[in-house]
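Take a look at the structure set out below.
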Amino acid sequence: MTFQQRTHLAGSLRAEHIGQHVIINGWVAVSRDLGGVLFFDMRDRSGKLQCVIQPSEETMLLYEEAKRLRAEYVVSVSGVVRRREKVNPKMATGEVEVLVDAFDVLNESDVPPFEIKEEVTANEDLRLKYRYLDLRRPNLANNLAIRHKITQSIRRYFDERGFLEIETPILMKATPEGARDFLVPSRLHKGKFYALPQSPQIYKQLLMVSGLDRYFQIAKCFRDEDLRADRQPEFTQLDVEMSFTNEEVVQEIMEGSLRQTWSDLGYTLPPFKRLTYKTAMERYGSDKPDLRYGLEITTITELVRGKTEFKVFQDALEKKRGVIGAVVAPKAAEWSRKQLDQLTEHAKIYGAGGLVWMKITESGVESSAKKFLSDEVTSSIAAATGARVGDLILIVSHVNWERAYTILGALRSELAKRLGLLEGRSFEFAPLWVTDMPMFELDEATGEFVPKHHPFTSPNLEDWARASEGLEHIRARAYDIVVNGYELGSGSIRIHDRKLQIEVFDMLKISKEEQQHKFGFLLEAFQYGAPPHGGMALGIDRIAMLCCGTENIRDVIAFPKTTSMQSLMDDAPSTVEPYQLRDLHIEIK
Ligand code: ASP
């Protein structure tokens, strides 16, 4: 088939093109015959453009033929760009239109299962089933273009700084990093399995042992975890590792990379704040706080100690790890009983037994715990939190400080939502480093301390020397980047000393056999001159979400999975042929 090759992209035409003869290749977005004049919009990756056929003696045939144009027909159209009679300010090309002198239909289309337009009305499952059609929407295509820019910017940045982009295997040994592995059965080695990498962690460390010095990779990672709005079973990381380094150097490189990416996209990233894990928890109730708004938490444990018999507070006051904290909702004193009940329910999802509220009104303090708290106590709480007349104070108490702050943090973000504090602020960015992470965290279900990071993270060596005093106070040499409430990535200085690695495995209660079976090759590598090293990984999908202003991770992935981990388009996962199972020595029970 021969047809006229495009001279321009549909979405690129502007007033400056008026008078030019152009050729556009693309899809018919919509066509309307106004009985005499026929309009159709052409669409391609770049946007939409109005085309018009005005019947005259020369175009009579063209007009008749154009009547068969339907949505999603593939067309090559030519004509002269002219000023539109009525400018459409909603279209980037809204000042102009093309007066068509010829067109070729290159392919026809069935009526698509949903109308392909910017404002989606079709439900997401249907759009995922026909993902290739959904991707025709210029806004989704634009997200992929932004993502492309992000990865190009990253590649340039790391190349310029002497990093080598090195690919690591997708089929690897199961070496858990904290999540569940996806396994791949081996045909040649009956009963044995590969795992898909949760991240290239061990490989990149081995590359440092090899002397490769500075590594990066835009790596696919796989974790068989329950999904959330910002998670997919396979996701992409910017993975980085460096030798002879320390926290400051790694952090400077990673921060610089994000700054570069933001600037390549036309945004500026403000200076990074720094918070220790403990401060982040105490002030914002989260190790990934959104700092675009305040609503800081006030700890009132000591303020109420000895001043009340209130049963709800007693438990927290008696326990060493107990905390009572408060968060203020400005100008929310008039919120209804129902709204307060909803907030209580919200707090319960995060583990609260209940919620104490105080309303500061002109005529004094109203409170759900009025009977149990003296005027002196309520006014000192109001003063400590900085609450003013018209404000609402929410108080949480819990025997475990991390839980208490987590509940308060959840309330903080819920309040921000209800108060509309983030409306229209998607492209405002508040980056921060969270440092001094604890090495272990309390598993509330078992009461045991479990590792907070992958087991290759170096402990703070001074803390480690005092490990016998308790695990709670051991800090890891780990750090996170957080932007707008998303953990964009985490990293650490690694263990490079075999003896220390074994000590940490021991402390994590990984048996000697397991150490040997799963990590023997790493321990062996550490016998041959492993340099000090450290690194970090950043989630590309999350970076793309921020840069595209979306909270839905599927908006920035070409072919995403649903939250139940299915690909509705190709129907994966699916059954396979019996011979395939036989080859793999697998029987389905
Ligand atoms: N491998 C780690 C992760 O995927 C990141 C790192 O420590 O570099 O979370």
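The values are calculated or read from the model by the stated rules, or taken from the named source; none is laboratory data. The model shown is predicted, which means the values in this text are computed figures rather than measured ones. Using ideal geometry, Cβ is built from the backbone for each residue, glycine included, and neighbour counts are taken over all protein chains shown.
From the residues in the stretch 209-231 that are outside any strand (DSSP E or B) and within 14 Å of the ligand (Cβ to nearest atom), which one is surrounded by the fewest Cβ atoms within 10 Å (Cβ to Cβ)? Out of the qualifying residues, it is 225. For the criterion of being over 30 Å from residue 413 (Cα atoms) and within 16 Å of the ligand (Cβ to nearest atom), residue 527 fails. Pairs are defined by a Cβ separation below 6 Å, a sequence spacing of at least 6 or placement on different chains, a first member in the stretch 31-48 that is in contact (Cβ under 8 Å) with a residue 12 or more places away in the chain, and a second member that is polar (S, T, N, Q) and surrounded by fewer than 22 Cβ atoms within 10 Å (Cβ to Cβ); the pairs so defined are 37/54; 40/31; 41/50; 46/12. Exactly one residue among 564, 574 is over 30 Å from residue 495 (Cα atoms), of a type in the set (Ser, Thr, Tyr) and either at pLDDT 95 or above or buried (at least 17 other Cβ atoms within 10 Å of the Cβ) (or both), and that residue is 574.
Of the residues in the stretch 287-331, how many are more than 31 Å from the chain's Cα centre (by Cα) and part of a loop (DSSP other than H, G, I, E, B)? Going through the stretch 287-331 one residue at a time, the tally reaches 12.
Somewhere in the stretch 377-399, is a residue within 16 Å of the ligand (Cβ to nearest atom), buried (at least 22 other Cβ atoms within 10 Å of the Cβ), part of a strand (DSSP E or B) and of a type in the set (Gly, Ala, Ser)? Taking every residue of the stretch 377-399 in turn, none turns out to be within 16 Å of the ligand (Cβ to nearest atom), buried (at least 22 other Cβ atoms within 10 Å of the Cβ), part of a strand (DSSP E or B) and of a type in the set (Gly, Ala, Ser). Considering only residues that are within 15 Å of the ligand (Cβ to nearest atom) and in a loop (DSSP other than H, G, I, E, B), which ones fall in the stretch 171-181? Correct list: 175, 176, 177, 178, 179, 180, 181. Filtering the stretch 154-165 to residues that are surrounded by 18 or more Cβ atoms within 10 Å (Cβ to Cβ) and either assigned to a helix (DSSP H, G or I) or among the β-branched types (Val, Ile, Thr) (or both) leaves 154, 157, 158.
Within the stretch 187-207, restricting attention to residues that are charged (D, E, K, R) and either within 9 Å of the ligand (Cβ to nearest atom) or in contact (Cβ under 8 Å) with a residue 12 or more places away in the chain (or both), the residue that is surrounded by the fewest Cβ atoms within 10 Å (Cβ to Cβ) is 190.
Every residue, every condition in (1) away from the ligand (no atom under 16 Å from the Cβ); (2) touching a residue at least 60 places away in the same chain (Cβ under 8 Å); (3) at negative phi, yes or no:
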{"site": "426", "(1), (2), (3)": "yes, yes, yes"}
{"site": "429", "(1), (2), (3)": "yes, yes, yes"}
{"site": "454", "(1), (2), (3)": "no, yes, yes"}
{"site": "477", "(1), (2), (3)": "no, yes, yes"}
{"site": "482", "(1), (2), (3)": "no, yes, yes"}
{"site": "485", "(1), (2), (3)": "yes, yes, no"}
{"site": "497", "(1), (2), (3)": "yes, no, yes"}
{"site": "502", "(1), (2), (3)": "yes, no, yes"}
{"site": "523", "(1), (2), (3)": "yes, no, yes"}
